[in-house]
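Notes for the one structure printed next.
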């Protein structure tokens, strides 16, 4: 073989090797691109997450409704976020992703409807304030008027929270001036302090006393009938899963959903 022939053979061999490597690289790259394209997307087996923001007093009820909803909606994961209604409104106003919002009063929901941040709200339950005291009622609380005693450690919700606004309405109607030692951001925080013995009394909903069991006792507040809380629910505007959001609202309003609420002490919405 001449030097020229050998050189040509070397060039051909190198070119063939380059083509082979390029083909392999292209094949690997295509597979990698396909894998990258599929990463983070919702495959057939990936659950769809429905995000529900709800007032803290709805915790037990919505946990049950959500479990029932998941059982009848294969591939759906209901993500529940509980807090004071006013805090949840602020989160939605700031762009927090949510599909459904359930408030503990109509006034708080109205802050979102005013800005068209939710669809048409639908009332699904009512609730009433009561006094919660630690088991055994060591402070001997018997009525709303007793909560004005300066020696009593009283906990209520903050005025911006529905249970706090209702407490203020009820106390004014009864002519009782309250001076709480602590104002909490959710009714569950109020209940928690009573259960822990950090307060002699707290104003919570009748449903909260019911779910606390033997840890607390409830003292009826007749004046609370003048300020009953109505709970509305609505899909959030531009919800990622609008159809499912509507179905969850329907589930809460269904006979099954209403039965769950009734079993936990909620009353139906007034007609």
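Only the coordinates and a few stated rules stand behind these numbers; no lab work does. It should be emphasised that the depicted structure is a prediction, and the values quoted were computed from it without experimental measurement. Neighbour counts are summed over all protein chains in view; Cβ atoms, including those assigned to glycine, are modelled from backbone coordinates with ideal geometry.
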### Task
Using only Cα atoms, locate the centre of segment 39-101 and the centre of segment 134-185, then give the distance between them in Å, rounded to an integer.
32 Å
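Rounded to the nearest 5, what % of DSSP beta bridges with both residues in segment 129-226 are antiparallel?
Details: 8 of 13 bridges.
So the antiparallel bridges amount to about 60 percent of the total.
Nearest 0.05, what FRET efficiency do residue 116 and residue 181 give at R0 = 30 Å with Cβ-Cβ as r?
Once rounded, the FRET efficiency stands at 0.15.
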### Query
How do 152, 144 rank when sorted from fewest to most other Cβ atoms within 10 Å of their own Cβ?
152, 144
### Query
Using the 10 angstrom Cβ neighbour count as an exposure proxy, how do 82, 248 rank, fewest first?
82, 248
